[in-house]
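Before any comments, here is the structure.
The values are calculated or read from the model by the stated rules, or taken from the named source; none is laboratory data. Please read these numbers as outputs of a predicted model, since none were measured by experiment. Don't worry about glycine lacking a Cβ; one is built from the backbone with ideal geometry, like all the others, and counts go over all protein chains shown.
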Amino acid sequence: MMWRNTILAWGAPAKLLHWTLALLVFVQIGLGWAAVSWRLSPTKLDLFVWHKSVGILILALMFVRIAWRSANVAPALPADMRPLEQRAAHWSHVLLYILLLLLPVTGWIVNSAANVPFRIFWLIPLPSIVEPDKALADAIARVHLVLFVVLSLLLIVHIGAALRHHFVKRDDVLVRMLPGTGDVK
């Protein structure tokens, strides 16, 4: 098992962070959708606690991912990628990172502005980061929704690009991020 990233492949921590965050994002989408759609009940409140808790977990893991990424090289892009594709890959990843930071922060602001006391996974109190303000809560909730829509579209592009690399271009871009794969030549 390779721990550090190399010019050829992602290391185990990078893969673990990638797939853990991918799973959590898809769980988060389901939790958010269910929480918003559910009728007012204790279940709805529990769904929101799960949604907010997973959001804070994603935020924390994104800081770990950024730290790991900044301390390691990234595998080189395929030599046959055009400059425009390389820039698109770079900026789509930057945007993914930004969105995965902004979505939990905007959710936290909504929760704080709505003056809703909250404990992460019912255990750890999360401090408010803004004063109670219904208008702010409503405005940032709309921003949160827009960011979610942008993230959803970007995830479609990201997954589509990975599948294109694998099935159309037949390069190693997807394979080198899969668990259990080492250096691919």
Of (1) farther than 30 Å from Ala79 by Cβ; (2) surrounded by 12 or more Cβ atoms within 10 Å (Cβ to Cβ), Val146 satisfies all except one. Which? (2)
Is there any pair linking a residue in segment 101-115 that is in contact (Cβ under 8 Å) with a residue 12 or more places away in the chain to one that is of a type in the set (Lys, Arg), with Cβ under 9 Å and at least six apart or on different chains, and which? Pro104/Lys52; Gly107/Lys52; Trp108/Lys52; Asn111/Lys52; Ala113/Lys134; Ala114/Lys134; Asn115/Lys134
Does Ile29 qualify as being under 23 Å from Asp133 (Cα atoms) and part of a helix (DSSP H, G or I)? no
Which one of Ala67, Ala74 is surrounded by fewer than 18 Cβ atoms within 10 Å (Cβ to Cβ), more than 20 Å from Ile29 (Cα to Cα) and touching a residue at least 60 places away in the same chain (Cβ under 8 Å)? Ala74
Can you find a residue that is surrounded by 14 or more Cβ atoms within 10 Å (Cβ to Cβ) and part of a helix (DSSP H, G or I) anywhere in segment 117-138? yes
Checking Ser112, Ser53 in turn, the sole residue that is over 26 Å from Gly180 (Cα atoms), of a type in the set (Ser, Thr, Tyr), at pLDDT 95 or above and touching an Asp or Glu at 6+ places or on another chain (Cβ under 9 Å) turns out to be Ser112
When both residues are 6+ apart or on different chains and their Cβ atoms are under 6 Å apart, which pairs have a first residue that lies in segment 1-18 and is closer than 10 Å to Asn72 by Cβ, and a second that is aromatic (Phe, Trp, Tyr)? Gly11/Trp3; Pro13/Trp68
Of the numbered conditions (1) within 23 Å of Ile124 (Cα to Cα); (2) at pLDDT below 95; (3) among the small types (Gly, Ala, Ser), Ala9 satisfies every one except a single condition; which is it? (1)
Somewhere in segment 76-90, is a residue assigned to a helix (DSSP H, G or I), polar (S, T, N, Q) and either modelled with pLDDT under 95 or over 15 Å from the mean Cα position of the chain (by Cα) (or both)? yes
Out of Trp50, Trp3, Trp19, I need the residue that is in a helix (DSSP H, G or I) and loosely packed, with under 15 Cβ neighbours inside 10 Å. Which one? Trp19
